[in-house]
Amino acid sequence: MYKPLELNFAPDEVLVYLRKSRSDDPNLTVAEVLSRHESMLDEWAEKNLGARVPDQNKYREVVSGETIDDRPEICRLLAKVESPQYKAVLVVEVQRLSRGDLEDAGRLMKLLRYTNTIVITPMKAYDLSDEYDRDFFERELKRGNEFLEYLKKIMGRGRLLSLQQGNFVGNTPPYGYDKATVLDGKKKCPTLKINEEQAQVVRMVFELYVHQNMGTTNIAHRLNELNIHPLHGKYWTQNSIRSMLRNVHYTGKVRWNGRKTVTVVENGEVVKKRPQAAAEDLLIYEGKHEAIISQELFQAAAERYGTCPRVQSTKELRNPLSGLLYCSCGKAMTLRIYKDKNGRERSAPRLLCGGQSFCHVPSCTYDEMVERVEEVLRQSILDFELEIKRSDDELRQMNLIQIKRLEQKISELRKKEVSQWEKYSEEGMPKEIFEQLNEKVLADIRRTEEAIETAKKLLPSVEEYEERLVRFRDALSALENPNESPAQKNRLLKTCIERIDYYREKGELLTRSTAGAGQKLHVGANWEMSPIHIDVKLKL
């Protein structure tokens, strides 16, 4: 027979999680839904715990996301439950914690189970150390995931049907339009209305591109010079102009399937991407909104775009630092190789920021950067070798002795706790004195357990350092080897490095008075470059 759990803990030992779900009333805002749920949980806490849960223990999720990692507040809450200070999580229903896939559900269950955290809903409390509660909890999470997948299919069909009727179903309107609604009988339909100020910019872009034969980069510079800002960011870029020139919304149409989310496996990890869809995969329908440009002008832009494609000299990866190196402005650094008309390199390859015309951070040579990265890898290897050496000597022994002492102390405190219970139950110790002594013993046990966990974290792991040593040596060896392919160098570097942030001060222009004795000045090379600065985030 099922026996309800006894909830013997204080309100400040409970964490509250609040999140709006797709199953909630769509007419209510996130704030309204969270407020209603918070009132419900406050009422439950007052009735069952004697007081409300403190506000600092409440986590209000305002970001929509299907997985745990997509929701920052649940990540913060799960980090908190690792502390023995917190005994339970209070939530409106289990499915609010996660409606992700089985991997997410397993991660959540494992963390709550092994931290001995009780999950409380107004209907039921779940103790995940109990196999029956764990089974009920798992079924609730699976039910939530199944409902989410079903709901996504239904919503997808509804969105497609709405699009076929000419409605705009996107979240953000294209530059040149604002979101609006029109009546179709008694039904409100989402559509677009022209933002005349922005629409003038759209017309100018197509005019410059088609009739004045101006390139996308020069158009972006023209808009920036005119102090015209895009919807997002400070400056127009070549890519934002290209996107505008290919956006069929400007001809009074609506589009579906432009960027479909696909799940792929890269380097052993599952990642989601949103690649540009092929032309044959696009679904285009007549929209309810007014066109900004004519179909003829849009077609002329498409035809000209097709006559000047971007030609890549090679499809193979050329930059070993691709996906790792970023400018201080946040944009990725790219490798530029400069050749003359005969195909011979006319200068050393350089790394420069994709937004250099805006951030003005000077470039550096490829060799400069590689030399600095090699220095970081060599220093890391020396550190690992030192840690392995230290891990075998007295530091490790001291840590082991300390852990053993703390474990012995835990054993003694447990015996003391049992002894106090015996005196209370058999010898008639006054309840007030017993509670005072017992609370002191329990507090000592908690502090000692935390000290053991800290000591174990500080305990050097020879295996971990040896694994790092192999990774970093392989990466350094590949980077130093001129015969190793850039793709292989890039793969090995990504096992050691998370990100490299780059910065360089602007150099000094040399004159005859500032140049050193005997130093010749050459046209175009009269700069004294400042040293480069890099901040390397390692994968440890």
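Selection of the stretch 27-61 for residues being among the hydrophobic types (A, V, I, L, M, F, W, C), open to solvent by less than 20 Å² (accessible area, probe 1.4 Å) and either on the phi > 0 side of the Ramachandran plot or not in a helix (DSSP H, G or I) (or both) yields only 53.
The set of residues from the stretch 261-292 being assigned to a helix (DSSP H, G or I), surrounded by 10 or more Cβ atoms within 10 Å (Cβ to Cβ) and either of a type in the set (A, V, I, L, M) or modelled with pLDDT of 90 or more (or both) is empty. Summed over the stretch 319-339, residues that are hydrophobic (A, V, I, L, M, F, W, C) and closer than 17 Å to residue 371 by Cα total 5. Please verify whether the stretch 349-369 includes one or more residues that are modelled with pLDDT of 85 or more, within 18 Å of residue 481 (Cα to Cα) and in a loop (DSSP other than H, G, I, E, B). Yes, the conditions are met somewhere in the stretch 349-369. Of all residues in the stretch 34-63, those being over 18 Å from residue 74 (Cβ atoms) and not acidic (Asp, Glu) number 13. Close Cβ contacts (under 7 Å, 6 or more residues apart or on different chains) running from residues in the stretch 187-201 that are basic (Lys, Arg) to residues that are open to solvent by 90 Å² or more (accessible area, probe 1.4 Å) and not in a helix (DSSP H, G or I) comprise 188/181.
The helices (runs of 4 or more DSSP H) found entirely in the stretch 378-490 that carry 3 or more residues being among the hydrophobic types (A, V, I, L, M, F, W, C) and at pLDDT below 85 are 394-426, 431-458.
The values are calculated or read from the model by the stated rules, or taken from the named source; none is laboratory data. Everything numeric here is computed off the predicted structure, so don't read it as measured data. A quick note on method: Cβ atoms are made from the backbone with ideal geometry, for glycine too, and the neighbour counts reach across all protein chains shown. Each accessible area value is taken on the protein alone, full model and side chains, heavy atoms only, with ligands, DNA and RNA left out. Shrake-Rupley method; radii C 1.70, N 1.55, O 1.52, S 1.80 Å.
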